[in-house]
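A quick write-up on the structure given underneath.
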Amino acid sequence: MKYFILFGPPGAGKGTQAAAMVEKYNLHHISTGELLRKEIAAESELGLKAKSLIDAGALVPDEVVEGMIESEFNTVKGVDGFLLDGFPRTTAQAEALDRILEKNGETATSVVSIMIPDEMIKDRIRHRASIEGRADDAKEETINNRIRTYHEKTEPLVEFYRNQGKYREIDGTGTIDQVRQAIFDLMDKF
């Protein structure tokens with residue numbers, strides 16, 4: 001079983017590329033946001049716990065999200081692997097993912113990181129905001145906060161996975177097709 005982690009700053013094109021990756025490599029896409037919504041709709045024990053926290057205005061703790069991801073690993077059949085999108089976002093989550101995989105004698109296959117410079121992040125988020133009518137994403141302060149949060153909280157994962165020999169970076173500044181081909185060239189090696 002293969003376990004790919006899709007990584008990159010906001011606006012890098014992760015959502016655009018994930019569907020093609022899933023289709024070409026027969027992967028199950030795990031988006032933490034979609035996973036939460038699915039568990040809540042199913043009224044599972046984890047979903048009910050998450051819903052009560054969200055309804056109370058609290059963040060869903062890592063343990064709940066990790067439980068949902070582990071459940072996906074254990075219940076989804078008929079795929080050649082998983083594509084994790086939006087998890088892990090911190091070193092603590094990456095360490096938890098390693099523990100989850102180790103229980104089944106598995107390990108993360110590779111991190112596919114789509115990287116773009118900060119100015120391009122700003123341009124893409126503004127563009128997406130105008131197309132999708134997301135006024136909150138058009139605010140400079142919001143965009144800068146998202147970039148800052150990415151650099152402070154998520155970027156340390158680059159070193160974490162580089163130290164494991166699993167970090168692979170793709171230049172995300174090309175066209176959608178160019179970036180997709182670079183991703184496929186990389187994933188074909190696994």
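The values are calculated or read from the model by the stated rules, or taken from the named source; none is laboratory data. As the structure is a prediction and not an experimental result, all values here were calculated from the model. Cβ sites come from the backbone with ideal geometry, for glycine too, and all protein chains shown count toward neighbours. Accessible surface areas use protein heavy atoms only, side chains included; no ligands, DNA or RNA. Shrake-Rupley method; radii C 1.70, N 1.55, O 1.52, S 1.80 Å.
Based on the reciprocal of the average 1/r between different C-alpha atoms, the Kirkwood radius for the range 137-190 equals 13.4 Å. When the Cα positions of Ala96, Thr173, Ala42 are compared along the charge dipole of the chain, Thr173 comes out farthest toward the positive end, with charges on each C-beta of Lys, Arg, Asp and Glu.
Over the chain, DSSP H runs of length four or greater, each weighted -39,500 (n - 2.57), average out per residue to a 222 nm ellipticity of -17500 deg cm²/dmol. Counted residue by residue at 0.36 nm each, then reduced by the alpha carbon distance between them, the extension gain from Gln164 to Met115 reaches 15.7 nm. Based on Cα contacts under 8 Å between residues 6+ apart, the range 114-172 shows a relative contact order of 46 percent.
Legend: residues Ser130, Ser110, sorted from most to least accessible area (1.4 Å probe; ligands, DNA and RNA excluded), read Ser130, Ser110. Working from Cα pairs under 8 Å separated by at least six residues, relative contact order for the chain is 31 percent. In terms of its Cα atoms, the range 1-85 spans 39, 31, 19 Å along the principal axes, sorted from long to short.
Label positions at Asp80 and Asn144, each projected 7 Å from the Cα along the C-beta direction, are separated by 4.6 nm. Taking amide H as placed 1.01 Å from N in the peptide plane, the amide H of Tyr3 sits under 5 Å from that of Phe82, Thr109, Ser110, each at least 5 places away or on another chain. Here is the list for the range 87-146: trypsin sites (Lys or Arg not before Pro) lying in DSSP coil, each with at most 15 other C-beta atoms within 10 angstrom of its C-beta, are Arg134, Lys139.
Among Phe7, Phe160, what's the order by accessible area (1.4 angstrom probe), most exposed first? Walk me through the intermediate numbers first.
On the way: Phe7 10, Phe160 40 Å².
Highest to lowest solvent-accessible surface, that is Phe160, Phe7.
Scalar couplings 3J(HN,Hα) for the range 50-60, obtained by applying the Karplus form with A = 6.51, B = -1.76, C = 1.60 to θ = phi - 60°, are 4, 4, 5, 5, 4, 4, 8, x, 9, 7, 6 Hz; x denotes Gly and Pro. Computed as a quarter of the hull surface, the mean projected area of the alpha carbon convex hull for the chain stands at 11.2 nm². Here the Karplus curve 6.51 cos²θ - 1.76 cosθ + 1.60, taken at θ = phi - 60°, turns the phi angles of the range 113-127 into couplings of 10, 8, 10, 9, x, 4, 5, 5, 4, 4, 4, 5, 5, 4, 4 Hz, with x standing for Gly and Pro. Taking 25 Å as the straight-line reach from the Cα of Lys24, the lysines in range (excluding those fewer than 8 positions away in the same chain) are Lys2, Lys14, Lys38, Lys77, Lys166, Lys189.
Think of each Lys and Arg Cβ as +1 and each Asp and Glu Cβ as -1; about the Cα centre, that makes the dipole of the chain roughly 240 debye.
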